[in-house]
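Working notes for the structure below.
The values are calculated or read from the model by the stated rules, or taken from the named source; none is laboratory data. All values derive from a computational prediction rather than experimental measurement. Backbone-built Cβ (ideal geometry, glycine too); neighbour counts: all protein chains shown.
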Amino acid sequence: MPEVRVGIPSVIHAALLPRLIGWGRARWLVMTAENIDAPTALAWGLVDVVAKEGGLDAAVEHTVKALLECGPEALRSQKALLRQWEELPLTESVNLSVGVFGQSFLTGEPQRLMQGFLDRKK
């Protein structure tokens, strides 16, 4: 967040920071223009994983594999819910989620994936 060092305030992306890392950390980043290292970004929740040196490709492949093992319709719905949860109060978020959960069964994806899970146990 180096903008203040060149005489301008951080705006759009800075406005998202308090929700991600809290007001104190966001305030510190945008006011000081200091850089943080990868372990700090991980501890603050700005990143989910820090790859070992030389391990970026493996880390990306691991994440891609995990995503590909999920139902594509469920992932789309989950992504949409996550975006809506950012704006909605908790009660509305839960109510919205229950409806989306029920609608997911209309796609046939849960039945297919659950059956695959049950079949592998046999």
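Can you name the residue in the stretch 1-19 that is surrounded by 12 or more Cβ atoms within 10 Å (Cβ to Cβ) and under 21 Å from Glu87 (Cα atoms) and is also farthest from the chain's Cα centre (by Cα) among such residues?
Ala14
Please find, among Leu46, Leu67, Leu42, the residue that is surrounded by 14 or more Cβ atoms within 10 Å (Cβ to Cβ) and modelled with pLDDT of 95 or more.
Answer to the selection: Leu42.
So which pairs qualify, if the first residue must be in the stretch 16-43 and over 16 Å from Glu3 (Cβ atoms), the second must be among the aromatic types (Phe, Trp, Tyr) and part of a helix (DSSP H, G or I), the Cβ gap must be under 9 Å, and the two must be at least 6 apart or on different chains?
Leu20/Trp44; Ile21/Trp44; Gly22/Trp44; Arg25/Trp44
Among the residues of the stretch 47-73, which ones are of a type in the set (A, V, I, L, M) and outside any loop (DSSP other than H, G, I, E, B)? Before the answer, list the steps.
Of the stretch 47-73, the ones of a type in the set (A, V, I, L, M) are 47, 49-51, 56, 58-60, 64, 66-68.
Selection gives Leu56, Ala58, Ala59, Val60, Val64, Ala66, Leu67, Leu68.
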